[in-house]
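Engineer: This is the structure I want to talk about, given as structure tokens.
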Amino acid sequence: MEEITLDIVYRMEKENFWHCARRSILEKMIRAFVKGAENDILDVGCGVGADYPLLSQFGSVDNVDCDKKALQYFSNNNPNATVYQGSLPDQLPEVVRLKKYNLIALFDVLEHIQDDVRALIILKSLLKDGGHILLTVPACPFLYRKWDRMSNHWRRYMRSNLKSVIQEAGLSVKFLSYFNFFLFPANVLVCLKEKMSDTYIHEIPNRFINSVCRRIFELEKHFLPRISFPIGMSLIAVISLRNKNS
């Protein structure tokens, strides 16, 4: 990607309501399942590093991405961050493969990987006892559209098949829910419009709409993880090693 494109990506991930609200929900989920602030954390698919300030609150973060230019952009903005080039399932750097982590972040990454089961099997081997993988993926296959193709998504998930993928990888589901529930009807209309015209919208809404949508989306952090939403634009899961006695 050209530098100007990376600037735009970074601005989108820092300012767009979807990214901002998702980070609020992710923070709530981490606080619910991960204790303390001295954890070993792995962020797979870190991109330009917009989520680094969030994750670094909870421990020392190893950041991995396949895009060399994105990693350079990340490093320029965060000179003390630890970054590695690599990808799932079979190209993680050796220094990462030799470690164990309390928390592995996989935020909207699994849909980019053809063999999603194998990717989770690899990450399972990197978990400490009592550690967690926190992942998000886009939901509802019927909403697959040009944006998904351009983003190199192999799929969107339903709750049932994401659960099957997790269990096939030999992992245990501690929590699984749709999210981006309150804005789901409006998002479906936008997606269907994009599907019919084979276009996509990739911009920050005007300040008022962006603020309102963020506030509505962020309301969900007051419900998660106490409840599980029945539908939504995305899925969020907390997964762990299976109990050896189960």
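This table checks each residue for (1) closer than 23 Å to I25 by Cβ; (2) among the charged types (D, E, K, R); (3) assigned to a strand (DSSP E or B); (4) modelled with pLDDT under 95.
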residue	(1), (2), (3), (4)
P53	yes, no, no, no
S56	yes, no, no, no
S75	no, no, no, no
A105	yes, no, yes, no
A119	yes, no, no, no
I122	no, no, no, no
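Engineer: Could you list, ordered by first residue, the pairs with Cβ atoms under 6 Å in which the first is in the range 1-23 and over 20 Å from L134 (Cβ atoms) and the second is in a helix (DSSP H, G or I) and modelled with pLDDT of 90 or more, at least 6 apart or interchain?
Structural biologist: M1/K69; L6/Y73; F17/N210; F17/C213; F17/R214
Engineer: Same structure again: Can you tell me which of L183, L176, L224, L171 is within 26 Å of Y10 (Cα to Cα) and in contact (Cβ under 8 Å) with a residue 12 or more places away in the chain?
Structural biologist: L183
Engineer: Looking for something charged (D, E, K, R), buried (at least 19 other Cβ atoms within 10 Å of the Cβ) and within 22 Å of F17 (Cα to Cα) - is there at least one such residue anywhere in the range 88-109?
Structural biologist: No, every residue in the range 88-109 fails to be charged (D, E, K, R), buried (at least 19 other Cβ atoms within 10 Å of the Cβ) and within 22 Å of F17 (Cα to Cα).
Engineer: Residue by residue through the range 33-55, note down the ones that are free of Cβ contacts under 8 Å to residues at least 24 places away in the same chain and closer than 21 Å to C20 by Cβ.
Structural biologist: The answer is P53, and nothing else.
Engineer: In this structure, does I239 turn out to be part of a loop (DSSP other than H, G, I, E, B), surrounded by 10 or more Cβ atoms within 10 Å (Cβ to Cβ), in contact (Cβ under 8 Å) with a residue 24 or more places away in the chain and under 19 Å from the mean Cα position of the chain (by Cα)?
Structural biologist: In short, no.
Engineer: For the range 143-201, what are the residues that are more than 16 Å from I239 (Cβ to Cβ), in contact with a Ser or Thr (Cβ under 8 Å, 6 or more places away or on another chain) and surrounded by fewer than 19 Cβ atoms within 10 Å (Cβ to Cβ)?
Structural biologist: K146 - this is the single residue of the range 143-201 that is more than 16 Å from I239 (Cβ to Cβ), in contact with a Ser or Thr (Cβ under 8 Å, 6 or more places away or on another chain) and surrounded by fewer than 19 Cβ atoms within 10 Å (Cβ to Cβ).
The values are calculated or read from the model by the stated rules, or taken from the named source; none is laboratory data. What you see is a predicted model; the values in this text were computed from it and never measured. Reconstructed Cβ throughout: ideal geometry from the backbone, glycine too, with neighbour counts over all protein chains shown.
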